[in-house]
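Heads up, the thing below is written out as structure tokens.
The values are calculated or read from the model by the stated rules, or taken from the named source; none is laboratory data. Because the structure is predicted, anything quoted here is derived from the model rather than measured. Heads up, the Cβs are rebuilt from the backbone with ideal geometry, glycines too, and the neighbour counts pull from every protein chain shown. Remember, those area values only see protein heavy atoms, side chains included, never the ligands or the DNA or RNA. Shrake-Rupley method; radii C 1.70, N 1.55, O 1.52, S 1.80 Å.
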Amino acid sequence: MLQKIRLLQIMNTSSKLTRADYENYLVYLYFGSDQDLLKACINRAYRDFNRTMHGFGKFEKASQLYDEAVILLKESLDSLKLLSSISPMTAEIFDNWHKTTCEKITSLFGEKGFHLFIGQAQKWVNMTMKYIFTVGEKRIEGFSFAYPFCHVPLDNILLEQLEKYNFPALKCAWSRLDNYDEYLQRQIWFREKFTLAPMDVEFMLWLGQEIEN
């Protein structure tokens, strides 16, 4: 009888956890316990493309170069927020910021003797932005203004999903794309092709959902 009462008590006990607690758990699993969540997003984004950096693991200055690149990207993200405080964000302003950021990253690697492609830099920048929006404004404040203008991360999964929409094919693998203008033309295509924000399109296509205009 006592066991039955105890079982009923357990069954009738509701959880004290909130939806935010479960979300925090997922964020912890994916991004770790780093208190600097912006840096964690940058680190995670790096893991999404570093397999394409052939030979970097054996590169003598790899660790130092990576740390410098993380600092550079964080500073660039801070500058993006500063730009938004000076004047309303536009596609042109965002595109100029994005180009400058990618070129700074590739130049930094080049100065150290390792060639990083524009295709790899765009994946790093764009996945960082995607993760910033995924964890949400409450955890990383101050980037919501950029969402309508953000670029989509070009990768194999997305390119496969885009075939049915007549996406202009790249002339090489996304990770070996080294012409920023060619890259930017594809981002402009997204803006002109769909009525949704490009990042909305990317989220939906990556999940295998159909896009209706």
Cα-based shape type of the stretch 100-159, given that a ≥ b ≥ c are square roots of the gyration tensor eigenvalues and the cut on a/c is 1.5: prolate
Low-density loop cleavage sites - trypsin sites (Lys or Arg not before Pro) in the stretch 92-146, where at most 12 other Cβ are within 10 Å (DSSP): LYS138
GluC sites (Glu not before Pro) restricted to the stretch 80-147 and DSSP loop, no more than 16 other C-beta within 10 Å: GLU137, GLU141
Difference of contour (0.36 nm per residue) and Cα-Cα distance, GLU92 to HIS115: 5.5 nm
For the stretch 150-191, the fraction of alpha-carbon pairs in successive 10 Å shells from zero, as %: 26, 68, 6
Solvent-accessible area per residue for the stretch 49-123 (1.4 angstrom probe, square angstrom): 52
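Can you tell me the length gained on complete extension of the stretch LEU158 to TRP206, counting 0.36 nm per residue apart and subtracting the Cα distance?
Roughly 16.7 nm would be gained on extension.
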Candidate lysines for bridging to LYS171, where Cα separation is under 29 Å - those fewer than 8 sequence places away on the same chain excluded: LYS58, LYS99, LYS104, LYS112, LYS123, LYS130, LYS193
Zero-based 5 Å bins, Cα pair distances in the stretch 72-213, whole percents: 2, 9, 19, 23, 21, 15, 8, 3, 0, 0
